[in-house]
């Protein structure tokens, strides 16, 4: 599970990149959501989207449902790709995974990302306000997930065979999120020296402005916060997604990265 070609996909390969952006998806999502990012970012930026087990090209692999198992498998792969300056972008669950990978790299004194670009996720030290879902039976799980986040496309809900293919990864991801910090004693806060940009939807009840501002506790640098029109999946529309990409590029340029 340490093969770079297994874990990473590049929708717009660059010949001579000077910067790399690793992208982490939300629960149940895949690398494909970052195709527009790869096409829109400057040609100097190599966009490498993470493909987790249990989806897309790795559909036949068992999904990972514990954070420590995911970090043990994924972090060494990314560490091999730090030959040029880089950053992390993650949405929702992806923001949490990106942050924990960065902490793992910091503890091992590996090259660190220039910046964390974190979207749609409350700071990790804040307790969940919603009851857990991962233990529910399939029908109740899907209904509760859709009612809470609304992220399952109608075409998936209407085709049971397709839904059955996606359910294992969805359930594993929700287990990973909901069990985060409960598998063992939570790690003490380790402040990162790199800056953090946080993004969110103005109408997202799961990542309010206060939830996003709380990320400041995890960085020694000044937090940059932006909110956009929309709810949890605020950047699904092309206009807002373009604004999000532009804001991300602006922050990376302020670091002298791109």
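When 42, 53 are checked against the criterion of being out of contact with any strand residue (DSSP E or B) (no Cβ under 8 Å at 6 or more places or on another chain), part of a loop (DSSP other than H, G, I, E, B) and surrounded by fewer than 15 Cβ atoms within 10 Å (Cβ to Cβ), a single residue qualifies: 42. In segment 189-214, the residues that are at negative phi and loosely packed, with under 12 Cβ neighbours inside 10 Å reach residues that are assigned to a strand (DSSP E or B) and at pLDDT below 95 with C-beta atoms within less than 8 angstrom, at least six apart or across chains, in these pairs: 193/219. Residues in segment 84-114 that are at positive phi and part of a strand (DSSP E or B): there are none.
Residue 240 falls short on exactly one of the conditions (1) without any contact (Cβ under 8 Å) to a residue 40 or more places away in the chain; (2) touching a strand residue (DSSP E or B) at 6+ places or on another chain (Cβ under 8 Å); (3) part of a helix (DSSP H, G or I); (4) within 20 Å of residue 112 (Cβ to Cβ), and that condition is (4). Note on segment 1-32: residues that are touching a helix residue (DSSP H, G or I) at 6+ places or on another chain (Cβ under 9 Å), surrounded by 17 or more Cβ atoms within 10 Å (Cβ to Cβ) and touching a residue at least 40 places away in the same chain (Cβ under 8 Å) amount to 13. Within 20 Å of residue 136 (Cβ to Cβ), without any contact (Cβ under 8 Å) to a residue 24 or more places away in the chain and surrounded by 13 or more Cβ atoms within 10 Å (Cβ to Cβ): does that describe residue 176? When the stated conditions are applied, residue 176 does not pass them. Within segment 71-83, the set of residues being surrounded by fewer than 22 Cβ atoms within 10 Å (Cβ to Cβ) and either outside any loop (DSSP other than H, G, I, E, B) or modelled with pLDDT of 95 or more (or both) comprises 71, 72, 73, 75, 76, 77, 79. All of (1) surrounded by fewer than 24 Cβ atoms within 10 Å (Cβ to Cβ); (2) within 20 Å of residue 116 (Cβ to Cβ); (3) in contact (Cβ under 8 Å) with a residue 12 or more places away in the chain hold for residue 97 with one exception: (1).
The values are calculated or read from the model by the stated rules, or taken from the named source; none is laboratory data. Since this is a predicted model, take the numbers as computed values, not measurements. Cβ atoms come from the backbone with ideal geometry, glycine included; neighbour counts cover every protein chain shown.
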